[in-house]
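For reference, the structure discussed in these notes is given below.
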Amino acid sequence: MGFGDLKSSSGLKVLNDFLTDRSFIEGYVPSQADVAVFEAVSAPPPADLCHALRWYNHIKSYQAQKNSLPGVKKPLGQYGPTGVADTTSSGPAASKDEDDDDIDLFGSDEEEDTEAAKLKEQRLAEYAAKKAKKPALIAKSSILLDVKPWDDETDMAKLEECVRSIQMDGLVWGQSKLVPVGYGIKKLQISCVVEDDKVGTDILEEQITAFEDYVQSMDVAAFNKI
């Protein structure tokens, strides 16, 4: 397993393909797996790798609390698609004394097993509580967004692909169309349904305008409670 060399364009392409139908490296919430891969990527992926860039910007927003994210950080070779080896270059080699300090011949496996057991128990408890909780009315809204490109040469198909690559709990993309603005320029008008407690227009604007090679701005054209 691995992504190849994450400091190269080929490695980032593997990461982008891996994230095509995933929001995170493992599971459905940010974890230490995302932190490990994020720290191996030296810079934001280019805009044409929209899935990798969307993931990078999302995990970057968790940097202040990265140490509290669930899970245990593992070597890069234990993440990613099978059949691809990890060849990401590491930083400067540590001194022998530092290497010796990092090696824990006793208890490291036990500590990881204990941490994994605690995490499993926590997730099982959360799942049981979720199952036991009675269904509640979920407040939802229907939003129509206007996404404007820079000029008439912007690839609108790629722009829409980048927008739809944004995935989060409580967000469902709907229909879209291109609307003429003037001077040969067209804007993308796209609808979505969101759960009010989970997704707001601020986070949508932040993630959509992050594709700055394609997107000039985003406006809310219509907002209706469902």
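The values are calculated or read from the model by the stated rules, or taken from the named source; none is laboratory data. All of these numbers come straight from a predicted model, not from anything done at the bench. Positions of Cβ are backbone-derived with ideal geometry, glycine not excepted, and every protein chain shown enters the neighbour counts. Ligands, DNA and RNA are excluded from the accessible area calculation, which covers all protein heavy atoms including side chains. Shrake-Rupley method; radii C 1.70, N 1.55, O 1.52, S 1.80 Å.
One residue is enough: does region 150-159 have a residue meeting the conditions among the hydroxyl-bearing types (Ser, Thr, Tyr), touching a strand residue (DSSP E or B) at 6+ places or on another chain (Cβ under 7 Å) and surrounded by 13 or more Cβ atoms within 10 Å (Cβ to Cβ)?
Initially, region 150-159 is screened for residues among the hydroxyl-bearing types (Ser, Thr, Tyr), giving 154.
The next check asks that each one be touching a strand residue (DSSP E or B) at 6+ places or on another chain (Cβ under 7 Å); those that pass are none.
Checking region 150-159: not a single residue is among the hydroxyl-bearing types (Ser, Thr, Tyr), touching a strand residue (DSSP E or B) at 6+ places or on another chain (Cβ under 7 Å) and surrounded by 13 or more Cβ atoms within 10 Å (Cβ to Cβ).
Among the residues in region 96-107, are any surrounded by 12 or more Cβ atoms within 10 Å (Cβ to Cβ) and either of a type outside the set (Asp, Glu) or at pLDDT below 85 (or both)? Walk me through how you get there before you give the answer.
Start the filter on region 96-107 by keeping residues that are surrounded by 12 or more Cβ atoms within 10 Å (Cβ to Cβ), which leaves none.
Checked against the condition, which is being surrounded by 12 or more Cβ atoms within 10 Å (Cβ to Cβ) and either of a type outside the set (Asp, Glu) or at pLDDT below 85 (or both), region 96-107 yields no hits at all.
When restricted to residues that are under 17 Å from the mean Cα position of the chain (by Cα) and of a type in the set (D, E, K, R), region 164-190 contains 2. Of all residues in region 210-226, those satisfying the criterion of being surrounded by 15 or more Cβ atoms within 10 Å (Cβ to Cβ) and either in contact with a helix residue (DSSP H, G or I) (Cβ under 7 Å, 6 or more places away or on another chain) or under 19 Å from Ser23 (Cβ atoms) (or both) are Ala210, Phe211, Tyr214, Val215, Met218.
Considering only residues in region 9-46 that are small (Gly, Ala, Ser) and in a loop (DSSP other than H, G, I, E, B), the one that is surrounded by the fewest Cβ atoms within 10 Å (Cβ to Cβ) turns out to be Ala43. For region 160-203, taking the residues that are open to solvent by 80 Å² or more (accessible area, probe 1.4 Å), assigned to a strand (DSSP E or B) and in contact (Cβ under 8 Å) with a residue 12 or more places away in the chain, the one that is farthest from His58 (Cα to Cα) is identified as Val181.
Residue count for region 164-208 satisfying the condition of being farther than 16 Å from Ser141 by Cα and among the hydroxyl-bearing types (Ser, Thr, Tyr): 3. Taken over region 41-57, the criterion of being aliphatic (A, V, I, L, M) and in contact (Cβ under 8 Å) with a residue 60 or more places away in the chain is satisfied by Ala47, Leu53. Only one of the numbered conditions (1) closer than 16 Å to Glu206 by Cα; (2) modelled with pLDDT of 90 or more; (3) open to solvent by 30 Å² or more (accessible area, probe 1.4 Å) is not met by Arg54, and that is (3).
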